[in-house]
Every structure is written in C-alpha cells, then in structure tokens.
Amino acid sequence: MTKAVYPGSFDPVTNGHLDIAVRAASLFDELIIAVYDAPPKKLLFTTSERVELMQQAVGHLPNVRVELFVGLIVEFAHKHNARAIVRGLRANSDFEHEFEMALMNKNLAPDVEVVCLMTAVDYQFLSSSLLKEVAQLGGVINNLVPKHVATALKKRYSLPEDSISRKGGK
Ligand code: ADP
C-alpha cells in the first residue's frame, strides 16, 4: 500500500490543483491532501475554510482524504507512512523553487520521494493568487474552479450573484 501526500496552501483549491490530485490518486493507493495551516503568505480563506473547500472538491475520490498540517511536510509524511510528496509543476518559474525544496526535503528525509506531475495545458497559467485577483475584479473564473469555490469567492468579495460566472456559466 503506497501512500502519498500532496501539500499546498490551496487558497482556494483550483481545477489545476484538482487535476494533479486526481492524477496522483490514480498512481497511489492513498493520497492525503495536506492543507498548510500557516503558510508564509497572506490568505483569503481560513484553514478550516480551505480544508472544507478541498473536502467538497475531492469527496468523490474514494482513496483521497484531506488533512491540515503544520511544520515540516516530511514529518507529516513520516507520521502517515507516506512514501512520496506530490507536487504540481507549471511553467519554468515553478521548477527552480520545487527543485530546491525537493533537495532540501531529500536531505531531511532520504526515504521520501518527491514526485512532480506536469500541469495540464489548460491550467498552466493558473495560480490561486492570480485567480483571486481576477475574481476580486469580477472576472469570469467558473472554468477554473469547482462551482462551490466560485460561490465562496463571490461571497468573500461581496460580488453579485451572476458575477464571475456570467460568460458560459455552468
Ligand atoms: P498556488 O498558490 O501557487 O496555487 P499552492 O501552495 O496552493 O500554490 O500549490 C500546491 C501545489 O499545487 C504546488 O505544487 C503547486 O505547484 C501546484 N499547483 C498549483 N497550481 C497548479 C496548476 N495550475 N497546475 C498544476 N499544479 C499546480
């Protein structure tokens, strides 16, 4: 039984994150999505909101569960007997940072492998931060996040009901 963890801040979860989660869930027996409790960045959603949004998004995947974590991801991986840390790679810009982190994690925990999955073409320019910027300005994002996430963003930014999903809305 091979377990993996997929860590991130997921503020909020996007279709890019979900694509990686679905593909990782097909590679490993069990996938734990680890929502970072205190990332060193300004957050829009609280930890419990980010966990809840993620749980709703992956509820249909039987071998995936969501947990929050604090501290080192390698310690979280050890605690759960996970053999791998899954990361998603977008454009070149992700590579250097992921490479550095992977080497550091390897140094901390040689028994845990970092597995990077390449982003789907449709999501290569999608990040939570850009998504939030566009959503705040009322831009259409309904093809980039699950419906409940679009609703949560709309509420958080006090946008009218038909905003951010009016073009080609589902
Ligand atoms: P971000 O704020 O950039 O979305 P996260 O910490 O939430 O960052 O990301 C968690 C993991 O998901 C990282 O490995 C990140 O590279 C990956 N990821 C984020 N967005 C995408 C995407 N559009 N496609 C593939 N992987 C992604």
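Numerical summary
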{"read-out": "Gaussian network model of the chain, Cα within-10 Å springs - most flexible of 152, 34, 82", "value": "152"}
{"read-out": "Under Karplus coefficients 6.51, -1.76 and 1.60, residue-wise ³J(HN,Hα) of segment 138-146 in Hz, glycine/proline x", "value": "x, x, 7, 10, 5, 8, 10, 9, x"}
{"read-out": "Convex hull volume per residue in cubic angstrom - Cα atoms of segment 1-66", "value": "75 Å³"}
{"read-out": "Nearest-0.05 FRET efficiency for residue 158 and residue 134, computed from C-beta distance (R0 22 Å)", "value": "0.90"}
{"read-out": "Area accessible to solvent at residue 19, 1.4 Å probe radius, in Å²", "value": "40 Å²"}
{"read-out": "Accessible surface, 1.4 Å probe, highest first, among residues 118, 54", "value": "118, 54"}
{"read-out": "Percent RCO, i.e. relative contact order, over segment 3-124, from Cα pairs under 8 Å lying at least 6 residues apart", "value": "31 percent"}
{"read-out": "Selection from 36, 130, 158, by position along the positive dipole direction of the chain (Cβ)", "value": "158"}
{"read-out": "Segment 5-105: trypsin sites (Lys or Arg not before Pro) in DSSP loop, at most 13 other beta carbons within 10 Å", "value": "41, 42"}
{"read-out": "With Cα atoms, 0 to 90° folded angle of helix 15-27 axis to the chain main axis", "value": "30 degrees"}
{"read-out": "Residue 106/residue 37 FRET efficiency (R0 22 Å; Cβ-Cβ; nearest 0.05)", "value": "0.40"}
{"read-out": "On Cα atoms only, tilt of 47-58 relative to the major axis of the chain in degrees", "value": "90 degrees"}
{"read-out": "Calculated [θ] (222 nm, deg cm²/dmol) that DSSP helices of n ≥ 4 give over the chain, each run adding -39,500 (n - 2.57)", "value": "-12000 deg cm²/dmol"}
{"read-out": "Heavy-atom accessible area ranking, 1.4 Å probe, most first, across 80, 148", "value": "148, 80"}
{"read-out": "Heavy atoms of residue 22 accessible to a 1.4 Å probe, total area in Å² rounded to 10", "value": "70 Å²"}
{"read-out": "Those chymotrypsin sites (Phe, Trp or Tyr not before Pro) in segment 68-170 that DSSP places in a loop and that have at most 16 other beta carbons within 10 Å", "value": "125, 157"}
{"read-out": "Ratio of Rg to Rh over segment 3-124 (Cα coordinates, Kirkwood Rh, two decimals)", "value": "0.93"}
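The values are calculated or read from the model by the stated rules, or taken from the named source; none is laboratory data. Bear in mind the structure is a predicted one, so any value in this text is a computation, not a measurement. Cβ coordinates were reconstructed from backbone atoms using ideal geometry, including for glycine residues, and neighbour counts include every protein chain displayed. Calculation scope for accessible area: heavy atoms of the full protein, side chains included, ligands and nucleic acids excluded. Shrake-Rupley method; radii C 1.70, N 1.55, O 1.52, S 1.80 Å.
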